[in-house]
Amino acid sequence: MKIPLLNVFLALILGFAGGWMLKPRAEVTGDDSTAAAPHGPALNLQRGKAEPGGDAASVSDGSLASEPVTTADALLGLFGYDHSVATQAAAYQRLRSLSATQLEALGEALIGVPQSSRRQQARTVLFTRWAEIDPEALWAYALRSKDRWIRDQGILEATKSLAQRDLSRARDLLSTVKERNVREQAISVIAMEWVERDAGAALEWAAKMPGNRERTRALRAVAQRMGTLGDPQNAMTLLSGMKLSQADETMAIAALATTAFSSDPEAALSWMETLTAKQRVDILANNLHQLVRYDPKRAKEFFTANLNGRVRHSVSYLAEHFALDDLPAAQAWVEELQSGEVRHRAMQGVVNAMAKNDPQAAAAFMEAQGISGSNRHIAEGLVIRWTQQDREGAMAWIDTQSDRELRLQLRDSLVEAWADEDPEAASVYAQGIEDPGGRRSALRHAVGPWAERDTDAALSFVNGLDPAEQTPLMTYLIGRLAYQDVNTAVKLFEEHLPNITDDSQMRSFATTARRIADDWADWDAKGAGEWALSIQNESAQVEAVQSVANEWARYDTMGASEWIGQLPVGAARDGAVTSLIGRIRLVDPSAAFAWANSISDENKRQESVRNVLNDWKRVDRNAAFNALQSANVSDEAFQSLSRQFDN
């Protein structure tokens, strides 16, 4: 039985794809007084069940209330921040008894609510339900809105519903949509629905779409949908009859092949035999990963016959599946390949496959091929898998490696894999490593993941280390924690800053300040800036202030400019100005030049002025030359800068 596209899209929005089946259109009966349009399903959210009848969604701990929601606050109150299936389904059920007029009133009420993930979830479910009741009303509402998200999402939801009921009307309303992005998505929705009714007519419509982008979008959607129907040969016949341009035909065939391979690989391969040699190569190059899963030997033969850049990226994946299917043949193939990128990637795939069942044999194979700088990461991946299966065996193999650098690298991989299972034991092991450099590196690989899972326990362990090892490890941990918990990172930074006396350690600590500021400024630039200015150490302050300016200017150059303009003259401000210039000099060279002129350090000022003028003169030589006349530089520097304009 055919399941309509609207129900499929609804399942995806509510998160049910693959878990619950929506009722087909023909089986849906409505109880709405406002329209005879189909309902969404009545669902039981215990996985695997879709119970007919009833209006309430239920979860494992009992039934969810099904009383209608009539206010924005009540609707928002149904949502958390986890986007859970049960939450969204419950909200959908609470909207089922509302009329289109009531849904519109709810939509209007949500406009005054501050932007949040809860508001977006609420609108998504509201529009889904409204589109089922009265898609044209939703369409009109969306077109009237000044909110970009409302226009885009409302039109798309309305299109999904309307395309099932009246394709002609959906196509007519498409002409009212001006935004390119949502128009192209609506075209895809109409095209896919049309294919199931009349693929030839859908293809003809797509081929006549005005504009290259819209035609491409429509043709791709039609071709992809045809590929899922299990008859690529018939689809190809339709494509050939359209007399498309070569570019459009190539694109459509590629789209058809992608879904055809996913639906029925054997039928797709049989169809390919009817194509030209070039078409076959193009299709297989783009779908090699699917062929590998279906028939590794055939994929290997194709790869060998078409060894070029388009398929090189797939060789590791290919070799792994080939080895799982026929290990001796895959190993022999690796040995036949010439040294270089292809052989390297093939070895990686074979080792990955062997490591799943026999890591010791995988290690022996690697050693026979030779472990060098270019393939050490393969050995590291092997050690990680080996550690998960037999840690003692992995340790013993690592100890047999004569190359100290390789031995330390592999031990780091072992420790990090061990730390995923037992970070304390891995840290104790790392602490006992005799080689000082190896010990420091292994401690970072063990304690780093531990701190992210149990910060207090990891810090307690670090505080028990020798001070010579404690400080650099703490510096590393603070930087690593910055992304996860900036408050903890700042607290630790301020506690340990007075203990830093060595210049080398201070440079590392300053870098840590930069990392904290960068992560913090991503969501609270003002707060990060205040903290950066409060740092007592000058080098750390300069790094942090520069980082805040760089991140702030990434998304708000005006706000960053105002903040920088209020900074006191000095190294921190100079660093911040340099960051701002880097963000704006290509889009606003005049402003960038003015900022460069304000740098207090003469050498840095001259360098920034030079960089801005270099970029500026490429787009407006006269304006750049005129700006040079007001450059705040020495006469000697002015002469040097003037020579940039001699040629």
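The values are calculated or read from the model by the stated rules, or taken from the named source; none is laboratory data. No experiment lies behind these values; they were computed from the predicted model shown. All Cβ positions, even for glycine, are placed from backbone atoms using ideal geometry, and neighbour counts span all protein chains on display. These accessible areas exclude ligands, DNA and RNA; they are computed on the full protein's heavy atoms, side chains included. Shrake-Rupley method; radii C 1.70, N 1.55, O 1.52, S 1.80 Å.
Scanning for something of a type in the set (S, T, N, Q), within 15 Å of ALA207 (Cβ to Cβ) and free of Cβ contacts under 8 Å to residues at least 60 places away in the same chain, does segment 249-272 turn up at least one residue? Yes, that holds for at least one residue. For ALA624, the conditions (1) within 26 Å of ARG507 (Cα to Cα); (2) open to solvent by less than 30 Å² (accessible area, probe 1.4 Å) all hold with the exception of (1). Taken over segment 557-572, the criterion of being open to solvent by 20 Å² or more (accessible area, probe 1.4 Å), touching a helix residue (DSSP H, G or I) at 6+ places or on another chain (Cβ under 7 Å) and of a type outside the set (Val, Ile, Thr) is satisfied by SER561, TRP563, ALA571.
When you scan segment 612-642, how many residues do you find that are part of a helix (DSSP H, G or I) and more than 16 Å from GLU602 (Cα to Cα)?
Looking only at segment 612-642, we keep the residues that are part of a helix (DSSP H, G or I), and these are 612-619, 621-628, 635-642.
Still in the list and also more than 16 Å from GLU602 (Cα to Cα): 613-619, 621-627, 642.
So the answer is 15.
Candidates ALA362, ALA419: the one that is open to solvent by less than 30 Å² (accessible area, probe 1.4 Å), out of contact with any strand residue (DSSP E or B) (no Cβ under 6 Å at 6 or more places or on another chain) and either within 29 Å of ASP325 (Cα to Cα) or not small (Gly, Ala, Ser) (or both) is ALA362.
Within segment 194-220, being within 29 Å of the chain's Cα centre (by Cα) and of a type in the set (D, E, K, R) holds for ARG213, GLU214, ARG215, ARG217, ARG220.
For segment 125-144, how many residues meet the condition of being open to solvent by 20 Å² or more (accessible area, probe 1.4 Å) and of a type in the set (A, V, I, L, M, F, W, C)? Of the residues in segment 125-144, 3 are open to solvent by 20 Å² or more (accessible area, probe 1.4 Å) and of a type in the set (A, V, I, L, M, F, W, C).
Figure legend. Inter-residue proximity from segment 535-549: first residues in contact (Cβ under 8 Å) with a residue 24 or more places away in the chain and at negative phi, second residues of a type in the set (Ser, Thr, Tyr) and part of a helix (DSSP H, G or I), beta-carbon distance below 6 Å, spacing 6+ or different chains. Indicated pairs: GLN546/SER579; ALA549/SER579.
Would you mind stating whether GLU562 is free of Cβ contacts under 8 Å to residues at least 12 places away in the same chain and part of a helix (DSSP H, G or I)? The answer is yes for GLU562.
Looking at segment 261-269, is at least one residue hydrophobic (A, V, I, L, M, F, W, C), open to solvent by 10 Å² or more (accessible area, probe 1.4 Å), more than 24 Å from ARG183 (Cβ to Cβ) and more than 26 Å from the chain's Cα centre (by Cα)? Explain how you work it out, then say what you get.
Restricting attention to segment 261-269, the residues satisfying the condition of being hydrophobic (A, V, I, L, M, F, W, C) are 261, 267-269.
Of the ones still in play, those that are also open to solvent by 10 Å² or more (accessible area, probe 1.4 Å) are 267, 269.
Then keep just the ones that are more than 24 Å from ARG183 (Cβ to Cβ); that gives 267, 269.
If we keep only those that are more than 26 Å from the chain's Cα centre (by Cα) too, we end up with 267, 269.
Yes, that holds for at least one residue.
Need the failing condition index for ARG515 against (1) closer than 29 Å to ASN614 by Cβ; (2) open to solvent by 30 Å² or more (accessible area, probe 1.4 Å), just the number. That leaves (1) as the condition not met. Residue selection: SER504 satisfies the criterion of being under 30 Å from LEU473 (Cβ atoms) and open to solvent by 50 Å² or more (accessible area, probe 1.4 Å). Among residues of segment 193-221 being surrounded by fewer than 22 Cβ atoms within 10 Å (Cβ to Cβ) and among the hydrophobic types (A, V, I, L, M, F, W, C), the one that is modelled with the lowest pLDDT is MET209. Considering segment 160-182, the residues that are within 27 Å of PRO114 (Cα to Cα) and in a helix (DSSP H, G or I) include one that is least open to solvent (accessible area, probe 1.4 Å), namely VAL182.
Take the conditions (1) open to solvent by less than 50 Å² (accessible area, probe 1.4 Å); (2) within 29 Å of the chain's Cα centre (by Cα); (3) aliphatic (A, V, I, L, M); (4) under 24 Å from PHE461 (Cβ atoms); ALA379 misses just one of them, which is (4). Scan segment 581-602 for residues that are within 18 Å of ASP620 (Cα to Cα), open to solvent by less than 50 Å² (accessible area, probe 1.4 Å) and not aliphatic (A, V, I, L, M) and the total you get is 2. Only one of the listed residues (GLY479, GLY527) is open to solvent by less than 70 Å² (accessible area, probe 1.4 Å), touching a Ser or Thr at 6+ places or on another chain (Cβ under 8 Å), of a type outside the set (Lys, Arg) and over 24 Å from ARG605 (Cα atoms). That residue is GLY479. Screening PRO114 against (1) at pLDDT below 80; (2) open to solvent by less than 50 Å² (accessible area, probe 1.4 Å); (3) within 28 Å of the chain's Cα centre (by Cα) leaves a single unmet condition, (2).
Return yes or no: is ALA122 at pLDDT below 90, crowded, with 16+ Cβ neighbours inside 10 Å, under 29 Å from MET236 (Cα atoms) and among the hydrophobic types (A, V, I, L, M, F, W, C)?
On the way: at pLDDT below 90: yes; crowded, with 16+ Cβ neighbours inside 10 Å: yes; under 29 Å from MET236 (Cα atoms): no; among the hydrophobic types (A, V, I, L, M, F, W, C): yes.
Considered against the rule, which asks whether it is at pLDDT below 90, crowded, with 16+ Cβ neighbours inside 10 Å, under 29 Å from MET236 (Cα atoms) and among the hydrophobic types (A, V, I, L, M, F, W, C), ALA122 comes out as no.
Each row is one residue, and each column tells you yes or no for (1) assigned to a helix (DSSP H, G or I); (2) open to solvent by 70 Å² or more (accessible area, probe 1.4 Å); (3) of a type in the set (Gly, Ala, Ser).
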| position | (1), (2), (3) |
| --- | --- |
| GLU392 | yes, yes, no |
| GLN401 | no, no, no |
| LEU408 | yes, no, no |
| VAL415 | yes, no, no |
| ALA426 | yes, no, yes |
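The selection criterion, being part of a loop (DSSP other than H, G, I, E, B) and β-branched (Val, Ile, Thr), does not hold for THR250. Within the set of pairs 6 or more residues apart or between chains, which connect a residue that is without any contact (Cβ under 8 Å) to a residue 60 or more places away in the chain and under 10 Å from GLU380 (Cβ atoms) inside segment 397-417 to a residue that is surrounded by fewer than 20 Cβ atoms within 10 Å (Cβ to Cβ) and among the hydrophobic types (A, V, I, L, M, F, W, C) with Cβ atoms less than 6 Å apart? Pairs found: SER413/ILE384; ALA417/ILE384.
For the condition of a type outside the set (Lys, Arg), open to solvent by 40 Å² or more (accessible area, probe 1.4 Å) and in contact with a Ser or Thr (Cβ under 6 Å, 6 or more places away or on another chain), what is the one hit in GLN224, GLN246, GLN185, GLN233? Before you say what the answer is, go through the steps one by one.
Details: GLN246 fails: in contact with a Ser or Thr (Cβ under 6 Å, 6 or more places away or on another chain); GLN185 fails: in contact with a Ser or Thr (Cβ under 6 Å, 6 or more places away or on another chain); GLN233 fails: in contact with a Ser or Thr (Cβ under 6 Å, 6 or more places away or on another chain).
Result of the check over GLN224, GLN246, GLN185, GLN233: GLN224.
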